[in-house]
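Here is the structure we will look at, set down as structure tokens.
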Amino acid sequence: KNEVEQSPQNLTAQEGEFITINCSYSVGISALHWLQQHPGGGIVSLFMLSSGKKKHGRLIATINIQEKHSSLHITASHPRDSAVYICAVAYRGSTLGRLYFGRGTQLTVWP
Amino acid sequence: EPEVTQTPSHQVTQMGQEVILRCVPISNHLYFYWYRQILGQKVEFLVSFYNNEISEKSEIFDDQFSVERPDGSNFTLKIRSTKLEDSAMYFCASSLGGWNEQFFGPGTRLTVL
């Protein structure tokens, strides 16, 4: 019921390429989070969205509520973007703030 | 910029010992969380805490686990009698409201021998 699926699991790109990571979920949500996990393990919040699109620098996150799908795009990718990108959702009706996580997408950007 | 801090960064303990993981959430935040990530697996929710009580706990959060906010700034996770399978990275997070962005600490890597 509370599955969060991400694709691809691994992604390799050359510097400058446009990157897309996808996330799909199974039931209605109140919010979707995109997180970045650095090689040392720390987690940084990139976006929280419940509709439409958000942009921060070279990162763009979109969500389609009807299709239960979100994408994270990175324009002009750089080696410093190499990290694990995690999608997490707060399901409608679940306790405030409880997040369900995807398995993450390992992104490696080569110079 | 305010941040969530966690101590220690790495804790090694013997099976059966008690451990306390500490977190200092962002000062004006009201909601607090613990998550764990076993090596190679996805992040899992353990517990949420609001208004000095547990809001929700997952099936992982059994009687061996407890949380406390002893002094209005620290937020602790205690594991009473550690097992090998408790070895994981433990993340604390906090948010202003239940539906707001969550800010994560750097994590405590717990190794149970």
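For the stretch B:60-95, taking the residues that are assigned to a strand (DSSP E or B) and among the small types (Gly, Ala, Ser), the one that is nearest to B:Val19 (Cα to Cα) is identified as B:Ser66.
Just one of (1) surrounded by fewer than 16 Cβ atoms within 10 Å (Cβ to Cβ); (2) more than 11 Å from every other protein chain (Cβ to nearest Cβ); (3) of a type in the set (D, E, K, R); (4) in contact with a strand residue (DSSP E or B) (Cβ under 7 Å, 6 or more places away or on another chain) trips up A:Arg80, so point out which. A:Arg80 satisfies all of (1) surrounded by fewer than 16 Cβ atoms within 10 Å (Cβ to Cβ); (2) more than 11 Å from every other protein chain (Cβ to nearest Cβ); (3) of a type in the set (D, E, K, R); (4) in contact with a strand residue (DSSP E or B) (Cβ under 7 Å, 6 or more places away or on another chain) except (4). Contact map, the stretch A:87-108: residues that are more than 7 Å from chain B (Cβ to nearest Cβ) and in contact (Cβ under 8 Å) with a residue 60 or more places away in the chain paired with residues that are β-branched (Val, Ile, Thr) and assigned to a loop (DSSP other than H, G, I, E, B), Cβ distance under 8 Å, separation 6+ or inter-chain. Pairs shown: A:Ala88/B:Val43; A:Tyr91/A:Val27; A:Arg92/A:Val27. Meeting the requirement of 2 or more residues that are β-branched (Val, Ile, Thr) and within 30 Å of B:Ser9 (Cα to Cα), the strands (runs of 3 or more DSSP E) wholly within the stretch A:1-69 are A:43-49.
Kindly establish whether B:Ile26 is within 13 Å of chain A (Cβ to nearest Cβ), closer than 16 Å to B:Pro106 by Cα, in contact with a strand residue (DSSP E or B) (Cβ under 7 Å, 6 or more places away or on another chain) and not in a strand (DSSP E or B). Taking the combined requirement at face value, the residue satisfies it. Please find, within the stretch B:55-99, the residue that is surrounded by the fewest Cβ atoms within 10 Å (Cβ to Cβ) out of those that are over 22 Å from B:Leu113 (Cβ atoms), within 10 Å of chain A (Cβ to nearest Cβ) and free of Cβ contacts under 8 Å to residues at least 60 places away in the same chain. In this case the residue turns out to be B:Trp99. Kindly indicate whether A:Tyr25 is out of contact with any Lys or Arg (no Cβ under 8 Å at 6 or more places or on another chain), aromatic (Phe, Trp, Tyr) and surrounded by 19 or more Cβ atoms within 10 Å (Cβ to Cβ). Here the answer is no, as A:Tyr25 does not meet what is asked. Scanning the stretch A:18-42 for residues being over 15 Å from A:Tyr85 (Cβ atoms) and in contact (Cβ under 8 Å) with a residue 40 or more places away in the chain gives a total of 7.
Just for the stretch A:15-71: of the residues that are aromatic (Phe, Trp, Tyr) and under 19 Å from B:Ser95 (Cβ atoms), which one is modelled with the lowest pLDDT? Residue satisfying both the conditions and the ranking: A:Phe47. Pick out the one residue from A:His56, A:His73 that is free of Cβ contacts under 8 Å to residues at least 12 places away in the same chain and not charged (D, E, K, R). After applying the criteria, what remains is A:His56.
Just name the residue that is surrounded by the fewest Cβ atoms within 10 Å (Cβ to Cβ) out of those in the stretch B:2-21 that are polar (S, T, N, Q) and under 19 Å from B:Leu84 (Cβ atoms).
Selected residue: B:Gln14.
The values are calculated or read from the model by the stated rules, or taken from the named source; none is laboratory data. Just so you know, these numbers come straight off a predicted model, no measurement behind them. Using ideal geometry, Cβ is built from the backbone for each residue, glycine included, and neighbour counts are taken over all protein chains shown.
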